[in-house]
Structures are given as structure tokens and as C-alpha cells.
């Protein structure tokens, strides 16, 4: 009989926590590049080595890493479904390390750009699969916290990137900008080595029909066997064998379409909030606001990154205490307010190297970054991972991450051009996009906190816009909360609950296309 509690072991934490921390080094790599590239391209020694960059060339050089990450991200999920989550993360980490090495050895813009392109390809392979792996190995009680770890590590990476550059900017050699790439190579090697020691996702192993391997993986991860038996160990469902194009088409079939579109929307709009424009070009934003010296702008950027790291600690630790909807909607309102405030001050020509208006802009940059780290930065990737069914989770999350890379590329390439063309246009654009996102999420985002991955799927079998509107009106006294199989029960703060099970016949009728019917469904819908 399976034990109801994990086995005793000499480690200071359950091994699923150690595994989550290990693969979250991928988030650190992503954040470190984000935090260092803006400072690197702002260094005098980099300009002497590579040449002076125009605003458009700066945008292309910085953003190429996202562009080349888009294509592999679209198909990384298919290969993760076929070969395993961990198996795909390893080559991605190695490719990123090779790209960092090429950048660190560059003696011209062409070589530097090629290095960033290679690193982006590797990042596209591993980044989204990290969230999928952690989501699948985490117990329900800690899923939000652990799935938020990569974003927390990314924030730590941004901080480390800024301060590495702040510490090397005064070196009287090209090591001033090459040292960060030496560290990126080291982080990549550690990530690849760590993944060699980890078991693959037990849920993925079950989808491959490898129940014995799944049980061994659960034991290695110290996962609660009673929870595993209840949620997924007893299932006989196996992942269908599909080509990459069939797998892509499946994501947009009835029963899957709503979850796929919602994940695409959330991860895309999270980037279109303008956060990467703030992170990549923080020194430029602070100079624009009146902090003119190189050291001062670097220090202001570094202070911002420290505060972002500090706010991320309670944000990811409390991810399973706060509702996903509450975090996403309140965060979006605050992000839009910051952008509109900065845009209004610049539009009124009130920002100068003197006077109080520049401090409002500087504070708004800080508040924007902190709000993002506490809300959208954490909840976006958690939600996109947990709303997908098991046999499309990796594929859907990776396609969403591909869109995320694409929108990230647009923000990175357009921000310096927009700032050069208009002092306020970029702020109004990003603020408007954030408010539009809030409106959509308020209508179409079911709550998922406190539910198992398997039970979350029930929320997408109902007309979410109607139920969400009902939830919005309840505080005003319009409508009453009813706990039936037709209305989702949203847990209150601190409440541990699950959805009530629905009748098996109803579940089959409302569920997505069955595994056995997938190839047939794909053939039947071609003519539609």
C-alpha cells in the first residue's frame, strides 16, 4: 500500500523543491542576459570594441535573442512531449552557453549578433519547458510557488546582471563587458549538468505508459504518493503519437482552443506591458529623466533590480495564497497607471534635469518594475502552464512562449526607436495595452488556485465570460454564489478546496478530443 507521506531523507528540503531550484537556473540565465545587455551596450569599452550603434541597430542587436528564440520555442513542446521535458532542456542550455561564448569572444558587431542569435535559439528550446517540468512535479499545495521560481530567478538574474556590469564598468580593458559572458557560460554548464541528475516528469512518464518509471521518479522527488494516486497515477490515458503539425493543429481544436488562446494572450500581453523596454533600456530611461552620468544611471538601474528582487520574494512565496485573477487584474491596473503617468508628464513637457517632475518619472519606473515582478511576472507563466491538459501542456506552453519571444522582440526593437521619435508615445502605447489586457482577463480568466492540474480542466467546460461577469457583480449584490457542477467555485484566501467531481458521462461529453480519436478528428476537421 502506498505511503501517504513522502519518505524521510537527509536533505534540507523535499527533493521536488531541489529539482525546481536546479532547473530554475534557466530563468537566471534569461534574467542575467536581460539585466546585463542594456548596460553592456551602454559601456564605452563595448563601443570601442564593436562600434557605435544607432537606435535602430541597438534595438536589433538587443532583440535578436528573442527573434531567434521564437521558432524553436514553437516546436520545443512537441519534442518535449516525445522525448521528455528534461531531455530537451539540456541541449537548450548547451546552445545558450555556446552563444554566450561567441558573444564574449566577439571583436565586431557581426560576431556579437551571431552569438546572441545562437543564445536565443537555445533559450527558445529550454525556457518554456522549465515551467512545464516544475508545474508537473510540484504538489498542488506548492504549485504556484514552485512554478514561480523561474521568474524569481530571472529577477535575481536581472539584479546580478546589472551589478556585474556596475562592478566592471570602470575596468580599463574590454573585460569590462566580456566578464558577464564568462559568467553566462558557467551558469549554462551548471544548468545542463543539473538536468543530467534529475528524473523526468512523472506525469509525462504516465502519458508514455511508463507507470513503473513514474513511481520511481515520484520516489526520487519525494512526492506525496497519496496525492499522486488520487490525481494521475490511476489514469490509463496515453499521449497520442502526432507529427509536429498535427500537434499544433490539435491545440486549436474544440476543447483545447480556449486554453491555448488564453495562454497565448496572457504571455503575449505580459511582454507588451513594456517590461522589457524598462529592463533592457533602464540606463537610457534614467538618463532621459535627468540622471546623466554613466555610473549614476547604472546605479539607479541596479537599485531598481534590487527592489525587484526583494518584492519577488513574498510574491512567489505567497503565489498560492493570492488568487491568480486578483493578481493579474490588480497588477494590470497598476502597470497601466504608471505608464499613463509617465506619458502624461512627458507629453506636458514637464520633465527636465531639474524640478520635481523627473522624480515622479523615476519613481514611476521603480513602481512599474516592482508591480510587474509582484503580479504579472509571477502569475503569467504559472497560469499558462497549469491550465493546459497533460498531453498538450508542453506544446501549448511552448507555442505561447514563442509568441512571448515574438512580442518581446517587438518591444525590445521598438522601444529605443519610439523613445527617440517621441518622449511620451511609448508610455501611452504600453499603458493602453495593459488596460485592454485587464478587460479581457476580467471576463475570460477562471481561477485555478487550490485545484489539481487534472481538476483545473473542468473550468474550461463552461461559458467563462458569463461566470466571470457573475463573479465581478457578486460583490455588488447581483447574483449569489452557487456551488454546483455548472458554476466554478473560486476559493477564498487561505481555503484549500477542489472542484466537485462531475458526472462521468457529462465529463466525456464536455471534455476535449479523446486520445484515440485525435488522428480521426484531425482528418474530419480539414474540410471545415
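The values are calculated or read from the model by the stated rules, or taken from the named source; none is laboratory data. As the structure is a computational prediction, the values presented were derived from the model and not from experiment. Note: ideal-geometry Cβ built from the backbone for every residue, glycine included; neighbour counts use all protein chains shown.
Return the residues of region 165-177 that are within 27 Å of the chain's Cα centre (by Cα) and surrounded by fewer than 22 Cβ atoms within 10 Å (Cβ to Cβ); say none if nothing qualifies. Within region 165-177, just 166 meets the criteria. Considering each residue of region 106-123 in turn, none proves to be under 17 Å from residue 204 (Cα atoms) and part of a helix (DSSP H, G or I). Residues in region 342-356 that are part of a helix (DSSP H, G or I) and closer than 29 Å to residue 312 by Cβ: 5 in all.
Return yes when residue 97 is under 25 Å from residue 263 (Cα atoms) and either modelled with pLDDT of 90 or more or in a loop (DSSP other than H, G, I, E, B) (or both) and no when it is not. Considered against the rule, which asks whether it is under 25 Å from residue 263 (Cα atoms) and either modelled with pLDDT of 90 or more or in a loop (DSSP other than H, G, I, E, B) (or both), residue 97 comes out as no. Does residue 166 meet the test of being assigned to a helix (DSSP H, G or I), closer than 24 Å to residue 154 by Cβ and at pLDDT below 85? Yes. Can you tell me how many residues in region 75-85 are surrounded by fewer than 22 Cβ atoms within 10 Å (Cβ to Cβ) and assigned to a helix (DSSP H, G or I)? Residues flagged as surrounded by fewer than 22 Cβ atoms within 10 Å (Cβ to Cβ) and assigned to a helix (DSSP H, G or I) within region 75-85 amount to 5.
Number of residues in region 230-244 that are under 26 Å from residue 197 (Cβ atoms) and modelled with pLDDT of 70 or more equals 3.
Looking only at residues in region 455-468 that are farther than 18 Å from residue 254 by Cα and surrounded by 17 or more Cβ atoms within 10 Å (Cβ to Cβ), the one that is modelled with the highest pLDDT is 455. Restricting region 47-74 to residues that are without any contact (Cβ under 8 Å) to a residue 12 or more places away in the chain and in a loop (DSSP other than H, G, I, E, B) leaves a set whose member that is farthest from residue 102 (Cα to Cα) is 54. Taking the criterion of being surrounded by 24 or more Cβ atoms within 10 Å (Cβ to Cβ) and at pLDDT 90 or above, the residues of region 113-124 that qualify are 116, 119, 120, 122, 123. Criterion applied to 117, 138 was being out of contact with any strand residue (DSSP E or B) (no Cβ under 9 Å at 6 or more places or on another chain) and more than 26 Å from residue 221 (Cβ to Cβ), and the one residue passing it is 117.
Looking only at residues of region 211-224 that are assigned to a loop (DSSP other than H, G, I, E, B) and at pLDDT 85 or above, we find that the one that is farthest from residue 79 (Cα to Cα) is 222.
Against the definition (under 17 Å from the mean Cα position of the chain (by Cα) and at pLDDT below 90), how does residue 34 come out, yes or no? The answer is yes for residue 34. Which residues, taken from region 302-327, are within 23 Å of residue 139 (Cβ to Cβ) and either surrounded by 22 or more Cβ atoms within 10 Å (Cβ to Cβ) or modelled with pLDDT under 80 (or both)? Answer for region 302-327, where residues must be within 23 Å of residue 139 (Cβ to Cβ) and either surrounded by 22 or more Cβ atoms within 10 Å (Cβ to Cβ) or modelled with pLDDT under 80 (or both): 312, 315, 316, 317, 318, 319, 320, 321, 322, 323, 324, 327.
Search region 186-208 for residues being in a loop (DSSP other than H, G, I, E, B) and in contact with a helix residue (DSSP H, G or I) (Cβ under 6 Å, 6 or more places away or on another chain), and hand back the single one that is surrounded by the fewest Cβ atoms within 10 Å (Cβ to Cβ). So, considering only residues that are in a loop (DSSP other than H, G, I, E, B) and in contact with a helix residue (DSSP H, G or I) (Cβ under 6 Å, 6 or more places away or on another chain), the one surrounded by the fewest Cβ atoms within 10 Å (Cβ to Cβ) is 199. Could you tell me whether region 246-268 includes any residue that is at pLDDT below 80, out of contact with any helix residue (DSSP H, G or I) (no Cβ under 9 Å at 6 or more places or on another chain), part of a helix (DSSP H, G or I) and at negative phi? Yes, region 246-268 has at least one match.
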